[in-house]
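Taking it in order: structure first as structure tokens, then the write-up.
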Amino acid sequence: MDLDPRSAHAGTGPQKKVSFSEETSSMVSKSPSDGIGKLKVAFFLHTPFPSFEMINVLPNCTEIVEGILGADLIGFHTYSFLRHYRSCVIRLCGFTPEMDTIDHMGRRTKLSVFPIGANCQDISQAMQTDEFAEKLRELTNEFKGKNVVLSVERLDYTKGMPQKLDAIELYLEEAHAQQKSAAEAQEEDDEAGQVRSNRLEGLQKKFKERRHGSSALRTSVKHWIRQAWASEDQLDHAKTVFVFVAIPSRQKVEEYKNIKDEVHRRITDVSGRFSTGTYSPIKYLFHTVDLNELAALYARADCCLVTPLIDGMNLVAKEFIAAKDRSLANVVPGTIVLSENAGAAQELFDALVVNPYDVDAVADAIHTGLELTRGSLDKEARWEITERMRTSVLQNDAVAWARGLLQELQIVSSLAGSVGYAPAIKMLDFLAACFFESAMGTKALFIDFDVALQDDGQWSVPKPLFHRLAARNDLKVYILSAFGKDFMEEHFGEYNAFTLIAENGFHVRNPEALWQRARPSTAMEWMEKVKPVMELFVRCTPGAKIDVRASSVAWHYKDCDEEYGL
């Protein structure tokens, strides 16, 4: 649990605020609100919220979902995670949320999306230091004439390092295949080039179909594809260096040890396969780096490879763009190959968004990303995409994220008195007396009757109440219901003074009379045509059923999944 004491201002008034921002606090977020009625709680989940099918494997899944509901404001990185949580509330807790609110147990919880931003201020300050400038000069000299692709990740099984290395190996295979001499394999080169060209055309089409990438990015990719294969001065992809910054994580956990061993083995294999006396394709740093060095790596890299299998946001992508300050010496433009399963893909519309499991697509995106920053495009075109992303990242940094969350909590707090349920109250006998004494003469009482099954399977009908109503000689009682006349006769037939109206008016029983149709001439032939259609929908909708009545065919969907068909 990460409780920021700066967000609870004890001296500012009677209403205090607490912000929870860690997944491990999900079971305790309702405790402060339960214990101190005036305490307002905001809960923010930094990780993806799982779908119902995933979280349902946990024996205490309902307690987790209900525990989070104890907060007044619940925040997520993306709408997809919010949607998963809403779905779990429906299925596990039995509440029916609105789009961004959940009314439950007499209170209201607000749901909202707060995409977290990078700490741009710290990165900017680091880039003003002499240490940064010196490190950037070293990297510029070290990678002179090279294409640099940067990857910064915790060594974690969710980051997709093995899949990333598969894509890198494929990229290097095709890059080194281009170096074969025309005498050795001209025909093979032409065929390989055509395969890559077709795949790149497919990648550009995917950007358009899946709406990944801004229109400017799609235009740039299309422009480059048209020129690249016609140009005699193509970028040499065999000179690409992949810089891996792998930050050790949970090294005592068996799963993390296994992923570390696999990554180290794969890097050794790939490096051994493609290295020469003057070239090594991978530079591997298995340790943490200080911010000055990290900012320098961001500033020098031509492309950033961020392809986690799943991630809440992934700030590496935003930090990389934040470090692309064109006004500083030796800083180069950069593109991002970004997993569609990272929250950042919902914001960085100029990134090359890919499926991290699609090795071909990731390899092609690396190729495309380097061409956009080091290929045939002019200098201004290379910087255009980078600077547009940087403007967005700087405007939506970590400070803006915190400010937005706390402002929303303030709004929720100010509206707390105007939302929620009014508690149900029992009408007192003296109120009923006032009703009868308001005017002389006989009164009419209309009761819209609907009932529910009790735990024992019996219909819940308040007999004592109806006995009292039937005993009054100054009252005419009309009971209206959607139920059929047989049900009404079974439960109210003994009250001869009542007027019973069944099936919403189709059948009527007046006092001391028999049941009759309100309109005897009503045609009912339509029912035989409608019933097969309704039965078809019952077969297609698990949990649904129909109730064929004298005047209607009712569709019952109470037992259906509430989100089915949406």
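Ligands, DNA and RNA excluded, the heavy atoms of L58 present near 70 Å² of accessible surface to a 1.4 Å solvent probe. Cross-link pairs exceeding 25 Å in C-alpha to C-alpha distance, out of K463/K531; K531/K558; K318/K379, comprise K463/K531. Placing dummy labels 7 Å off each Cα toward the beta-carbon, the span from L58 to D474 is 6.1 nm.
A Förster radius of 25 Å, combined with the Cβ-Cβ distance separating I247 from T268, puts the computed FRET efficiency at roughly 0.85. Of all beta bridges that DSSP places with both ends in the stretch 62-148, some 50 percent have antiparallel geometry. Post the alpha-carbon centroid distance, the stretch 268-300 to the stretch 241-257, in whole angstrom. Each part reduced to its Cα centre gives a spacing of 14 Å. Solvent-accessible surface of protein heavy atoms, probed at 1.4 angstrom with all chains present, puts K379, K164 in the order K379, K164, largest first.
Rounded to the nearest percent, how much of the accessible area of the stretch 444-545 (1.4 Å probe, protein heavy atoms only) is carbon and sulfur? That share works out to 54 percent. Placing M440, M105, M534 in order of accessible area, with the largest value first and a 1.4 Å probe, yields M440, M105, M534. Packing around the peptides 515-521, 255-261, taken as the average count of other Cβ atoms within 10 Å per residue, puts them in this order, highest first: 255-261, 515-521.
With the simple model of a label 7 Å out from the Cα in the direction of the Cβ, L465 to E255 spans 5.3 nm.
The values are calculated or read from the model by the stated rules, or taken from the named source; none is laboratory data. The model shown is predicted, which means the values in this text are computed figures rather than measured ones. Quick reminder, even Gly has a Cβ in these numbers, built from the backbone with ideal geometry, and neighbours come from all protein chains shown. Quick note on the areas: whole protein, heavy atoms, side chains included, nothing else; ligands and nucleic acids left out. Shrake-Rupley method; radii C 1.70, N 1.55, O 1.52, S 1.80 Å.
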